[in-house]
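Engineer: The structure under discussion is supplied below as structure tokens; questions concerning it will follow.
Read-outs: derived from the displayed coordinates by stated rules, not from any lab. Keep in mind the model is a prediction, meaning the values are calculated, not measured. All Cβ positions, glycine included, derive from the backbone under ideal geometry; neighbour counts span all protein chains shown.
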Amino acid sequence: MHIPDGLLDPITTLVLWIVTITFMILGYFRMGRMFEKEDSEKLIPYIGVLAAIIFAFQFVNYPVPGGTSGHLVGGTLVAIILGPWASVIVLFLILVIQSLFGDGGITAIGANTFNMGIISGIVGFYLVMLFVRILNNTSLKKELKVTIATAIGSYISIVLASFICGIEIGISGTIPIEIAVPAMVFWHILIGIGEGIISALIVYYIYKTKPDFITTESILKVK
Amino acid sequence: MVVIAVGFTIGFLSENPDGLERVLIDYYGEEWLENLFSPWIPFLSWITNDYVAGIIGVILSITVLMGTFYLITRLKKKKLE
């Protein structure tokens, strides 16, 4: 879903940059207390590993029926591990690095961060929270509740992000909105399955091996 | 490290365009997509080998993110003092 340069019109590009920068500033101030603790530097190596995972997995182009491919976005995944506000900053930085290789446009970083960091990250996180609340009424183990909620939440967030991306393309006049939106959503209904599965597997693995790395457990209120 | 290795191993199996590219190619064709205006030449686009690009990207990601969050934690703690 990396929007290249030249696809969106200047006004849409500018508005999305303003929104993204606003969210990043808010994110800095609203990031969880874990970054203020005495031993918060201990999180830093894990953030490095997470960065590597997100970058590497964004390279994983899995084939999707119909002659296309998908890759992990990781917004919801990062939001569950580091919190929704941190996910915007993480995705922004990864998108900047990817733009150095020509993967996603430099002028489109605002739009890409909006779609992958804010929609997939923040909205995805709150979707996961919603599904955790629903699953709290079951007798499933904690890690399974978070895993299943992650799968569903990240899937929906990707489809939603593709919907928004379709609107951005339509508003910019690149492709008529009545074509762009259904086409984007159609492909991402398929691509999102991979996002859901990969995100869920990573969360499950972390929950089993290093559960305290999931810093949002208290916010998710898993019972 | 296993995750990264797996990612690289299977990451280049699909040469097909991703969802957004597919939509654009279906509407305009591949040539149109390749000729979109860009205000710059990406600094690292000269790296043609996917594996080299991937390794450099991972190293950059780790460095930039660790550096950024280290700064963030220091700033937040300083504010508390």
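Engineer: By how many nm would the segment from B:Leu36 to B:Arg74 lengthen if fully extended, with 0.36 nm per residue of separation less the alpha-carbon distance?
Structural biologist: Difference between extended and current length: 9.5 nm.
Engineer: Under a Cβ-Cβ cut-off of 12 Å, what is the net charge of the residues other than A:Asn137 that fall near it, where Lys and Arg count +1 and Asp and Glu count -1?
Structural biologist: With Lys, Arg at +1 and Asp, Glu at -1, the net is +3.
Engineer: Jot down the per residue volume, in cubic angstrom and as a whole number, of the convex hull over the alpha-carbon atoms of the protein assembly as shown.
Structural biologist: 124
Engineer: Mind scanning A:Lys145/A:Lys221; A:Lys42/B:Lys78; A:Lys42/A:Lys210; A:Lys223/B:Lys77; A:Lys208/B:Lys76; A:Lys145/A:Lys208 and naming the pairs with a C-alpha gap bigger than 20 Å?
Structural biologist: Among A:Lys145/A:Lys221; A:Lys42/B:Lys78; A:Lys42/A:Lys210; A:Lys223/B:Lys77; A:Lys208/B:Lys76; A:Lys145/A:Lys208, the Cα-Cα distance tops 20 Å for A:Lys223/B:Lys77; A:Lys208/B:Lys76.
Engineer: Mean-square fluctuation check for chain A, GNM, Cα pairs under 10 Å: which of A:Ile11, A:Ile80, A:Ile197 is largest?
Structural biologist: A:Ile11
Engineer: Need one number: nm distance between label points at A:Glu41 and A:Ile193, each 7 Å from Cα along Cα→Cβ, rounded to one decimal.
Structural biologist: That separation, rounded to one decimal, is 4.7 nm.
Engineer: Beyond 17 Å, what percent of the Cα pairs of the range A:36-84 remain?
Structural biologist: More than 17 Å apart: 48 percent of the Cα pairs in the range A:36-84.
Engineer: State, as an integer percentage, the relative contact order of chain A based on alpha-carbon contacts under 8 Å between residues 6 or more apart.
Structural biologist: Computed value for chain A: 26 percent relative contact order.
Engineer: When we measure straight from the Cα of B:Lys79, which lysines land under 16 angstrom away, once same-chain ones fewer than 8 places off are left out?
Structural biologist: Answer for B:Lys79, where 16 Å is the Cα cut-off: A:Lys37, listed by chain and number.
Engineer: So for the range A:1-115, Kirkwood radius off the Cα pairs, Stokes-Einstein at 20 °C and 1.002 mPa s: how many µm² s⁻¹?
Structural biologist: 142
Engineer: Here's a follow-up. Of A:Ala86, A:Val128, A:Phe35, which is farthest along the charge dipole of the range A:35-163 in the positive direction, counting Lys and Arg as +1 and Asp and Glu as -1 at C-beta?
Structural biologist: A:Val128
Engineer: Let me ask something additional. Run the simple label-point estimate for A:Glu217 and B:Trp46 please: 7 Å along Cα→C-beta, distance reported in nm.
Structural biologist: 4.8
Engineer: Using the Cα centre as the reference, give the magnitude of the dipole from point charges on the C-beta atoms of the range A:10-220 (Lys, Arg: +1; Asp, Glu: -1; all else neutral), rounded to the nearest 20 debye.
Structural biologist: In debye, rounded to 20, the range A:10-220 gives about 480.
Engineer: Now a separate question. Choose one of A:Pro4, A:Ile189, A:Ala111: the residue whose Cα lies farthest towards the positive end of the charge dipole of chain A (beta-carbon charges +1 Lys, Arg; -1 Asp, Glu; about the Cα centre).
Structural biologist: Going by the charge dipole, the pick is A:Ile189.
Engineer: For B:Asp18, what residues show an amide H to amide H distance below 5 Å, using hydrogens built from the backbone and excluding near sequence neighbours?
Structural biologist: Counting only residues 5 or more places away or on other chains, the set is A:Ser69.
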